[in-house]
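The values are calculated or read from the model by the stated rules, or taken from the named source; none is laboratory data. Keep in mind the model is a prediction, meaning the values are calculated, not measured. All Cβ positions, even for glycine, are placed from backbone atoms using ideal geometry, and neighbour counts span all protein chains on display. Only protein heavy atoms, including side chains, enter the accessible area calculation; ligands, DNA and RNA are left aside. Shrake-Rupley method; radii C 1.70, N 1.55, O 1.52, S 1.80 Å.
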Amino acid sequence: MKEKTRNIVRWIWEIAALILFFGLTVAGKLQLWFAIFMLGVLISVFAGRFYCGWICPMNTIFRPLSWFYGKLKIKRLKSPKFLSGNGFRYFILILFLALMIFVRILHVKMNILLYLTMLSVLVSLVFEEAFWHRKICPFGTILSLTSRKAKVAMNIDESGCIGCGACQKKCPSDSIITKEDGKRYNLKHECLMCYQCIDACPTKVCEIGTIQERKI
Ligand code: SF4
Ligand code: SF4
């Protein structure tokens, strides 16, 4: 699919998902969204985190926000260094699951998903998107676990990589790392399958397809 057509399809798809999300919120049936998320989990096992890049309402809201910040050349804060590693995100996931159980058992009327979405917007007003994707979002943490053995991912053909870093600048989840030789490598389980690196790469060596090798 051509870049322009794909981007139009993605926008339509994301906006439709966002409308569905808010429609379910208004109808008081947001719990049905968990069924959509579970489908995303199933897909992630084989084909990566398409839920994050194509369906998640938080990510859809982040996109115009990031575009706006980019246009105004406003830099947001990076993820705090002391939160490197996965400990914090697992802690948040456990808290989130405990809250879900608590709400369920006590029949508390609380729209966790909506509050989480609002929190994500507040956080991304101050921090770069990657902070949310990599350190806070409990859905992202679950998908980063379930997608580890996926057979489809965004691969970089290192033989054609000139190490320009254009892909990294665009990546909303900081999933592209620099290797010792200057070439780039994608951490597949952190990738949102958003195609932004593919559009940015001048040598067109980024591509979503079957994984040939897994080095990390
Ligand atoms: S920019 Fe590329 S590596 Fe980063 S999340 Fe999107 S598809 Fe994955
Ligand atoms: S944009 Fe393409 S050529 Fe540049 S570093 Fe990324 S993968 Fe390599």
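What to note about this one:
- Of the residues making up segment 41-58, those that are touching a Leu at 6+ places or on another chain (Cβ under 7 Å) and either open to solvent by 30 Å² or more (accessible area, probe 1.4 Å) or assigned to a helix (DSSP H, G or I) (or both) number 6.
- Looking at 155, 186, 111, just one residue is open to solvent by 20 Å² or more (accessible area, probe 1.4 Å), under 28 Å from residue 38 (Cβ atoms) and within 13 Å of ligand 2 (Cβ to nearest atom), and that residue is 155.
- Cβ pairs under 8 Å, 6+ apart, first in segment 163-185 and closer than 16 Å to residue 130 by Cα, second assigned to a loop (DSSP other than H, G, I, E, B) and near ligand 2 (Cβ under 8 Å from one of its atoms): 167/201
- Answer residue from segment 165-182, given it is of a type in the set (Ser, Thr, Tyr) and surrounded by 14 or more Cβ atoms within 10 Å (Cβ to Cβ) and is farthest from residue 40 (Cα to Cα) among those: 175
Quick grid of which residues meet (1) open to solvent by 30 Å² or more (accessible area, probe 1.4 Å); (2) out of contact with any helix residue (DSSP H, G or I) (no Cβ under 7 Å at 6 or more places or on another chain):
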residue: 62; (1), (2): no, no
residue: 77; (1), (2): yes, no
residue: 83; (1), (2): no, no
residue: 115; (1), (2): yes, yes
residue: 124; (1), (2): no, no
residue: 143; (1), (2): no, no
residue: 163; (1), (2): no, yes
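- Per the conditions (1) out of contact with any helix residue (DSSP H, G or I) (no Cβ under 8 Å at 6 or more places or on another chain); (2) open to solvent by 40 Å² or more (accessible area, probe 1.4 Å); (3) farther than 20 Å from residue 133 by Cβ, the sole criterion not satisfied by residue 6 is (2).
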